[in-house]
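Notes follow once the structure below has been shown.
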Amino acid sequence: MANEITQAKPQGIATWLANPKVKENVVSVVGDKDAQRFISSIVSAVQTNPTLAECTNTSILNAALLGQSLGLPQSPQLAFFYFVPYNNNKKDSSGKTHQVKEATFQMSWKGYVQLAMRSGQYKKLNVTDIREGELVSYNPITEEITFDAETDFAKRESLPVIGYYAMFELKNGFSKFIYWSKAQMEAHASKYSKSYQSDKKYNAKKSFWTTDFDAMAKKTVIRQLISKYGVMSVEMQTAYTSDMAVIGEDGKPDYVDNKPQITPATDVYTESVVADVEATEKDWFDATDDEITAQANEVFK
């Protein structure tokens, strides 16, 4: 595929995908029957997101191809995964560094649940928020937890969220759960998510953590639970290792250490910060329960 590093403005995605060589590559992966639907879904996603339209076409296509290989269709209605833009520093053939906007592949909690179900190993699997009054008791040492669920849906929706819970039971009888309080989740996000830090500092609502905190929190607990204790199929392992990364043409994930672009003298917040750091901090999801608890205690003491 063409080198897009030196492009000031990437070629329109629809025009680029119509290139015979690019289209041939797509057909070789998804098949001739599904190629048009696949291409249309990419074009639609880019047209509805102005920031995504600034990303290199190869990064968008590679993210979409990864989703396709996992059997997860690119669809805003299904929301199994997302394209998340951010700036990346790349060197061209002469060794000169350029800032390039690229699209990362980001799984949603629904995508993780979908892949787990397809493995055929899970008898039960659930992830949910916990509302005020529903948590009766929780012993993190003996791993005993008791809930009193509010069954009146309308009433439950009006109650504040106090935590997040995920559980599974395998067909062989093994079961496990994980529970994080909202205080733990917020403390952890405040420390590790640059996008969340920026939004809080500038009272903005541009990142997933501020526009849909609950969805990101559910993803965090289900990802923690399955990766540490669950059965991970080949597809699940691929999704886990590729989550929040730019997918290279060789299929390898590239995790970028994004830093907010703050002008030192005036501390002016640039418009590109939110897109640059949109939930790409892989370490955020991989911290231990002890680290999470310690962070929460420090912040909320």
#### Entry: Pairs from K171/K252; K191/K219; K191/K228 whose Cα-Cα separation, in the structure shown, is over 25 Å
K171/K252
### Query
How many lysine pairs in region 49-163, separated by 8 or more positions in sequence or lying on different chains, have Cα atoms less than 29 Å apart?
7
### Task
Take the alpha carbon atoms of region 103-119, find their center, do the same for region 158-229, and report the distance between the two centers in whole angstrom.
15
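Taking other Cβ within 10 Å of each residue's Cβ, how do S59, S198, S75 sort, fewest first? It would help to have the intermediate numbers written out before the result.
Values: S59 27, S198 24, S75 13.
Ordered by Cβ neighbours within 10 Å, fewest first: S75, S198, S59.
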### Task
Arrange V113, V136 by Cβ neighbour counts within 10 Å, fewest through most, would you?
V136, V113
### Query
Tell me which lysines have Cα within less than 16 Å of K23's Cα, excluding those fewer than 8 residues away on the same chain?
K33
#### Entry: Pair A18, K228: separation of 7 Å Cα→Cβ label points (nm)
5.1
### Whole-Hz ³J(HN,Hα) from phi, Karplus 6.51 cos²θ - 1.76 cosθ + 1.60, for region 50-55, glycine and proline x
x, 5, 5, 5, 8, 7
### Query
For a label point 7 angstrom out from the Cα of I162 toward its Cβ, which stretches of region 129-143 have the backbone nitrogen within less than 12 Å?
130-138
### Message
As a footprinting exposure proxy, order K23, K205 by other Cβ within 10 Å, with the fewest listed first.
### Response
K205, K23
### Query
Sorted by packing (mean other beta-carbon atoms within 10 Å per residue), highest first, where do 90-102, 142-154 land?
90-102, 142-154
### 5 angstrom amide H check on R131, placed H, neighbours 5+ away
I162
### Message
Taking 8 Å as the Cα distance limit and 6 or more residues as the minimum spacing, I'd like the relative contact order of region 12-113 as a percentage.
### Response
24
### Query
Taking R0 as 25 Å, what's the FRET efficiency between D152 and A183 from their Cβ-Cβ distance, rounded to 0.05?
0.45
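Values quoted throughout were computed directly from the atomic coordinates according to the rules given, and no laboratory measurement underlies them. Bear in mind the structure is a predicted one, so any value in this text is a computation, not a measurement. With ideal geometry, Cβ positions are generated from the backbone for all residues, glycine too; neighbour counts draw on all protein chains shown.
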